[in-house]
Structures are given as C-alpha cells and as structure tokens.
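Structure first, commentary second.
The values are calculated or read from the model by the stated rules, or taken from the named source; none is laboratory data. Just so we're clear, the structure is a prediction, and the values are computed from it rather than from any experiment. Cβ coordinates were reconstructed from backbone atoms using ideal geometry, including for glycine residues, and neighbour counts include every protein chain displayed.
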Amino acid sequence: MARSFNQVTLMGNLTRDPELRTTPNGATVCSFSLALNRSYKNSEGNWTEATDYIDIVAWGPLGERVAQYLTKGRPALVSGRLQSRSWEQDGQKRNKVEVVANDVTFLGSPGGGSAGATVNTDEPAPAPAPKKSSKKDEDVVIEDIGDEPINLDDIPF
C-alpha cells in the first residue's frame, strides 16, 4: 500500500497573540490561529469575500520563537501537516483538525515593513552571509562598519 501525503502551506494573519504553554512532561507548545482571506463568485455571480480561521500548533523551539516574535495581526507563512484530535468534554465527543507546524516564516516586520524570517524545526537559523561586490576579477567582502559615516569618494563605482 502506498504511503499517504499530508502537507499543508498556509499564509495569513494571526488572529490573536500566540499562547505558549508547557505540557506536564516538560515540552513547550505554542498555539495560534491564522485568518485566511479568499474571494469567490456566489450563485448570483457576484464576488464574495470569506475568511477561514485555522488553528496552528508549534512544538519545542519553533513554538518558543513564534511566541517570542509574532503578535496578533502579523502575517505568517506556515508549512506543516494536518492532524485530527478527538476527546470527550462534558459527556460530548469533540473533534478538531489543526495544523502542526514544521516551518514558520515571519512575514512583514513588527513595524509593518516587508522583511521576513524563516524558522525551521530541524535546524538553527543560519547566520547572514557577508555582502560581496565584484571589483575587477576579485571578490571584495564589504564589512559592517557600524555607525561611522560612509565617504562616497571611497566607493569604487
């Protein structure tokens, strides 16, 4: 029998601040929800807007970083898998389908800019590579000089 394929990628805005909890066995888990907007034509042929709300769960260090950096209203790209749970509450059987995140990309910036950062559950975030420019046939690495002013006469192009 062939294996199943369970992968989902969603992009939307957080509907609330992430909630970070610790399980009784010491694992950290972060819960948040994304609002996904979509447009479709209704039965009368008019465009209609709809919003879907999807619950997301991020475990371990990924969940800790999500709780640290994301807030309500921030856009995010989530890649993960669907998971269904069922339990009994007050004598009624309850079911829920949620996304278990593998990767979360923080879109935009806290101030509303367009910078983004990806968080992966499998590896630490890579250090940024130094900027390079080509001067004749050799590569020159441009280093961060801090707060010193740049003299435009020193730039070779």
Exercise. Residue by residue through the range 79-96, note down the ones that are within 11 Å of residue 55 (Cβ to Cβ) and exposed (fewer than 10 other Cβ atoms within 10 Å of the Cβ).
Key: none
Exercise. Could you please give the count of residues in the range 5-37 that are outside any strand (DSSP E or B) and surrounded by 11 or more Cβ atoms within 10 Å (Cβ to Cβ)?
Key: 5
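Pick out, from the range 38-157, the strands (runs of 3 or more DSSP E) lying fully within it that include 3 or more residues that are modelled with pLDDT of 95 or more. Show your work before the answer.
On the way: elements: 47-59, 75-89, 92-106, 117-120, 131-135, 138-142.
In the range 38-157, 47-59, 75-89, 92-106 are the strands (runs of 3 or more DSSP E) which contain 3 or more residues that are modelled with pLDDT of 95 or more.
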Quiz prompt | Every pair of residues 6+ apart whose Cβ atoms lie under 8 Å, when the first sits in the range 50-73 and is of a type outside the set (Phe, Trp, Tyr) while the second is assigned to a helix (DSSP H, G or I) | solution = 57/63; 58/66
Quiz item: Which ones in the range 1-42 are in contact with a helix residue (DSSP H, G or I) (Cβ under 8 Å, 6 or more places away or on another chain), of a type in the set (A, V, I, L, M, F, W, C) and more than 11 Å from residue 56 (Cα to Cα)?
Solution: 20, 27
